[in-house]
Amino acid sequence: MKYKKIVLAGGNGYLGTVLAGYYKDKAEEIVILSRHEKQTDDNVRTVTWDGKTAGKWTAELVNADMLVNLCGKNVNCRYTEKNKAEIFASRLQPTELLGQVIHDLYEPPKLWINLSSATIYRHAKDRPQDEETGEIGTGFSVDVCNAWEAAFNKYATPKTRKVALRMGIVLGRSDSVFPRLLNLVKLGMGGMQGNGEQYVSWVHEHDAARSTEWLMEHPGLNGIVNCTAPIPVKNAELMHIIRKTYGMPLGLPAPKWLLEIGSVVIGTETELILKSRWVLPKRLLDSGFKFEFETAEAAVNDILR
């Protein structure tokens, strides 16, 4: 085994499951911090915590190779005041708690990766946004990301290297965005959304997992790191690729006015679909990281294979 211990805070969700599967054959032990108990599966075990208070779980962080914090309520919901408060609290409370515990540990984790989002950058159709020249946007989602990263940086952790990983939309078969897009295609409604010109900054789930190992192996990387495939795609092209790969010749488009109605019905926000996210992973590429899935066509082919 290459690593002794990987800790995944809030690791029972989609991306946590991807990471646990990726490291299962690479780490002696994978510890998932969760509010709910779960049966141990080989070298993957769950330790309960509430994400608000220190407890016995803090011993799991001692000398871990890596901690990845994945905590956060799904933003795929209506932005009511109640949901907004929960979205903030579910990110800020666990992040600040982890920072305080790591600050106080004599042998803290070697690396702490805190998830953030590529949506922190502005709506961009004119030029790509990277870690050096990207411009921070405005709006609720951006406010969440800014507060999240501020919580991440609240406590000094001189013994623990920190990376805020600004993740794009993770594409995989089992959960997240892709199954929902595929269902639209199956129903004949897999055309472009809005005018289809908005960029989608995505990353294949395998490359998302690989990037965390790359960060472990490259101690010169810290601070802000974008995790998106190097070739973003426009919404219309992405839907065309999914239709073509699945074998559905036609897909009805969804104009903005229809999306506004539909988003109320299914309980989500049109911003998640219509914002143009044109984000590039400059620091990963500059450090030599090679994406296995550089194009959306390669990613979709792999997922549907």
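The values are calculated or read from the model by the stated rules, or taken from the named source; none is laboratory data. Since the model is a prediction, treat every value here as computed from it, not as a measurement. All Cβ positions, even for glycine, are placed from backbone atoms using ideal geometry, and neighbour counts span all protein chains on display. Side chains included, ligands, DNA and RNA excluded: accessible areas come from the protein's heavy atoms. Shrake-Rupley method; radii C 1.70, N 1.55, O 1.52, S 1.80 Å.
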**Residue count, the range 170-189 (criterion: β-branched (V, I, T) and open to solvent by 20 Å² or more (accessible area, probe 1.4 Å))** = 1
**Prompt:** Only one of R127, R91, R122 is closer than 26 Å to L221 by Cα and open to solvent by less than 30 Å² (accessible area, probe 1.4 Å); which?
**Reply:** R91
**Prompt:** Any residue at all in the range 227-234 that is crowded, with 19+ Cβ neighbours inside 10 Å, hydroxyl-bearing (S, T, Y) and either over 18 Å from the mean Cα position of the chain (by Cα) or under 29 Å from W112 (Cβ atoms) (or both)?
**Reply:** yes
**Request:** Consider T160 carefully, then state whether it is over 19 Å from the mean Cα position of the chain (by Cα), at pLDDT 95 or above, open to solvent by 30 Å² or more (accessible area, probe 1.4 Å) and among the β-branched types (V, I, T).
**Result:** no
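Pull up the range 69-80, narrow it to residues that are hydrophobic (A, V, I, L, M, F, W, C) and within 21 Å of H103 (Cα to Cα), then point me to the one that is least open to solvent (accessible area, probe 1.4 Å).
First, the residues of the range 69-80 that are hydrophobic (A, V, I, L, M, F, W, C): 70-71, 75, 77.
After this cut, where a residue has to be within 21 Å of H103 (Cα to Cα) as well, the list is 70-71.
Numbers: L70: 24, C71: 9 Å².
Per the stated criteria, the residue is C71.
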**Prompt:** Restricting to the range 243-280, what's the tally of residues that are more than 21 Å from the chain's Cα centre (by Cα) and β-branched (V, I, T)?
**Reply:** 5
